[in-house]
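Participant: Sharing a structure, written as structure tokens. Questions coming.
The values are calculated or read from the model by the stated rules, or taken from the named source; none is laboratory data. Not measured: the values here are computed from a predicted model. No Cβ is skipped: glycine too gets one built from the backbone with ideal geometry, and neighbour counts run over all protein chains shown. Accessible surface is based on the protein model in full, side chains and every heavy atom, while ligands, DNA and RNA are left aside. Shrake-Rupley method; radii C 1.70, N 1.55, O 1.52, S 1.80 Å.
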Amino acid sequence: MSVEELVRFIFEMVGTVAFAISGAMVAIKKRVDIFGVIVLSAMTALGGGIVRDILIGHLPPTMFSDYRYVMVAVITSVIVFI
């Protein structure tokens, strides 16, 4: 992994965590259960990356080929819920 790829990966993970927190906070405000928090948080965190990958022609989107993005979103949403 080159330095460019590592920096890009770190920024993607930071963005995933930030948007997962944002989605989880909205779900908690709406008084959703833990499953709903996880689903809404993951969709908020990963939706933008899916759209980006489709628009630039990177298929399948990275979220579907690298489990780390989903795991970071789910773990972040559970932490925020707790």
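Participant: If a residue must be modelled with pLDDT of 95 or more, open to solvent by less than 80 Å² (accessible area, probe 1.4 Å) and under 17 Å from Ala24 (Cβ atoms), how many such residues does region 48-73 contain?
Facilitator: Residues that pass the stated criteria total 4.
Participant: Identify all residues within region 14-31 that are open to solvent by 30 Å² or more (accessible area, probe 1.4 Å) and assigned to a helix (DSSP H, G or I); write none if there are none.
Facilitator: Val14, Val17, Ala18, Phe19, Ile21, Ser22, Met25, Val26, Ile28, Lys29
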